[in-house]
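Down below is the structure, laid out as structure tokens.
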Amino acid sequence: MNDAGKNEPVKPRQVKEKLQTKLFGKAIHYFSKVGSTNDLAKELASLRAREGTVIVAGSQTGGKGRSGRTWASPKGGLWFSTILRPKLHPRETPKLTIMSSLAVAKTISQLYNLEPEVKWPNDVLINAKKVCGILTEAKTSGDTTSFVIVGIGINANIELQSLPEQVRAHATSLRHELPGIIDCEQLLHVLLEKMEHYYVMLQNGKFHSVLVEWKRLCRFLGSYVEVMSGKKQIEGWATDVDRDGALILKLPDGTSRRILSGDVNIRRGNGQGVKSLMHPRES
Ligand code: BTN
């Protein structure tokens, strides 16, 4: 954290100088304002930008969330996308979302001594409120994954009033949870190192170990949840996340359903829900 009270733009050179990575952040491009860092990253990936290239923006005018939703991205947040070229079958790319949410949660607990929670598949929460969302977009052809863009949005130095009203009730920011200003360069630097660590594990066939760590930070397993799939709502107990990253739901009739993604609403003890933004698609 930075007590001087300055909310500075990320300077790529400063981040790169400190990075102890072989892949992530070897190229970092900063823009004070873009439409969406994911869209820009996709363009660069199509032009053969190297793996690990990072696009960071001070603000986004067309920030994208899951399911075609918008993602409010005012100045003060950490909005960035990374280009990856993983050796993964297209159906395995959701593993990158799990791996990235673990990296975000670990970074937040290491830097700020907070106790973040991960929620399947793309959210990081603090005190049951969303502080980070992840949008993973893949370019695939048949059985081949050409590239994957992992877009991460962290509400760092965001005043909650600057978020749209419907988002605010379920969102928080690091600024809101902590006394000082967040140093976004430090946040990006530590996060890229953690992402590389888990990415290497994944590429070496150790997703199981990544998932074990992720589950330790996941408090919603065992809870009764509602999953929105289009206009359909499925309710049940979230019993597990399997080795492909799919959610296993035990329905009230005793049968099990495997869910690849959806809008999950956790029923907490008081019956209040926490909304997660995920795109609906069932297996
Ligand atoms: C979600 O709906 O939870 C996912 C939000 C992802 C937002 C990030 S911000 C950086 C990157 N660029 C985008 O347009 N979206 C992602």
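Couple of notes before you dig in:
- Selection from GLY77, HIS89, CYS132 lying farthest towards where the dipole of the stretch 61-134 points positive, charges on Cβ: HIS89
- Full extension of the chain segment joining SER67 with SER209 gains 48.2 nm, where the gain is 0.36 nm per residue of separation less the Cα-Cα distance.
- For the chain, the carbon plus sulfur part of the accessible surface works out to 48%, probe radius 1.4 Å.
- Those residues of the stretch 232-261 whose amide nitrogen sits under 11 Å from the label point placed on ARG267, 7 Å along Cα→Cβ: 235-238, 252
- Debye-sum result for the stretch 224-273 in log10 I(q)/I(0), which assumes one identical scatterer on each alpha carbon, at q = 0.21, 0.23, 0.30 Å⁻¹: -0.71, -0.84, -1.21
- Charging the Cβ of each Asp and Glu at -1 and of each Lys and Arg at +1, and nothing else, the dipole of the stretch 224-273 about its Cα centre rounds to 80 debye.
- Fluctuation leader among ASN127, ASN204, ASN155 - the chain, Gaussian network, Cα springs under 10 angstrom: ASN204
- Reported value for the stretch 97-192: 112 Å³ per residue, from the convex hull of its C-alpha atoms.
- The residues of the chain present an accessible area of 46 Å² per residue when probed at 1.4 Å with all protein chains retained.
- Leading residue at positive end of dipole, the chain (Cβ point charges), from ALA246, SER146, SER162: SER146
- Prolate/oblate/rounded label for the stretch 34-121 (Cα gyration tensor, a/c 1.5): oblate
- Its Cα gyration tensor gives the stretch 12-216 an equivalent ellipsoid, and the semi-axes of that ellipsoid, as √(5λ) in whole Å with the largest first, are 24, 19, 17.
- Proximal aspartates and glutamates relative to LYS16, as straight alpha-carbon distance under 17 Å, when same-chain residues fewer than 8 apart are discounted: GLU8, GLU51, ASP183, GLU185, GLU193, GLU196
- Estimated FRET transfer efficiency when R0 is 22 angstrom, pair GLN14-GLN110 (beta carbons, to 0.05): 0.70
- Cα convex hull volume per residue for the stretch 1-76 (Å³): 118
The values are calculated or read from the model by the stated rules, or taken from the named source; none is laboratory data. Just so you know, these numbers come straight off a predicted model, no measurement behind them. Neighbour counts are summed over all protein chains in view; Cβ atoms, including those assigned to glycine, are modelled from backbone coordinates with ideal geometry. Surface areas here come from the heavy atoms of the whole protein model, side chains and all, with no ligands, DNA or RNA. Shrake-Rupley method; radii C 1.70, N 1.55, O 1.52, S 1.80 Å.
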